[in-house]
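J.: The structure's right below; bear with me while I get my questions together.
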Amino acid sequence: MVIIIIDIILILVIIGMFVYPRWNLRRNAKLVEEAEFARLMPTSQLIDIREAKDFRIKHILGARNLPARQIDQSLNALSKHKPVLIYENGRPVGGAKVAKKLKKAGIPEVYILKSGLNSWNGKTKSGI
């Protein structure tokens, strides 16, 4: 009987590990396709949440680099009156945590590029 209860608890924990990040992401940001992301760019703040070295190699034209792990120190650099568009290399992983922090900081609209920079067909700037 105890083993069955432990198995049920483990199954629920594993399910929670997969469900919570998706729920958290949708609660704090809207995942958008490339066309919608590009449409929003002229009136929004475009933020690349990857590390600086990745940003220097290639980024979407017009983006600012605010790495996910440093977002707390960068919140004052963002306007609360304009939507924020964020992206990373591929599917959003760190985007959920960043979106949650942006929402807590009072930014009402947060959008995440669903497929990330790897699938971006718009203008980019390459460095190094």
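The values are calculated or read from the model by the stated rules, or taken from the named source; none is laboratory data. Small disclaimer: the values here were computed from a predicted structure and weren't measured. A quick note on method: Cβ atoms are made from the backbone with ideal geometry, for glycine too, and the neighbour counts reach across all protein chains shown.
J.: Take the residues of the stretch 85-104 that are in contact (Cβ under 8 Å) with a residue 60 or more places away in the chain and surrounded by fewer than 18 Cβ atoms within 10 Å (Cβ to Cβ): which is farthest from Leu40 (Cα to Cα)?
T.: Lys100
J.: Assess whether Lys82 counts as being surrounded by fewer than 17 Cβ atoms within 10 Å (Cβ to Cβ), assigned to a helix (DSSP H, G or I) and touching a strand residue (DSSP E or B) at 6+ places or on another chain (Cβ under 7 Å).
T.: no
A quick yes/no check of all residues on (1) in contact with a Phe, Trp or Tyr (Cβ under 6 Å, 6 or more places away or on another chain); (2) of a type in the set (Lys, Arg); (3) at pLDDT below 95; (4) under 15 Å from Leu31 (Cα atoms):
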{"site": "Leu61", "(1), (2), (3), (4)": "no, no, no, no"}
{"site": "Arg69", "(1), (2), (3), (4)": "no, yes, yes, no"}
{"site": "Ser74", "(1), (2), (3), (4)": "no, no, yes, no"}
{"site": "Ala77", "(1), (2), (3), (4)": "no, no, yes, no"}
{"site": "Pro92", "(1), (2), (3), (4)": "no, no, yes, yes"}
{"site": "Ala99", "(1), (2), (3), (4)": "no, no, yes, yes"}
{"site": "Lys103", "(1), (2), (3), (4)": "no, yes, yes, yes"}
{"site": "Asn118", "(1), (2), (3), (4)": "no, no, yes, no"}
{"site": "Gly122", "(1), (2), (3), (4)": "no, no, yes, no"}
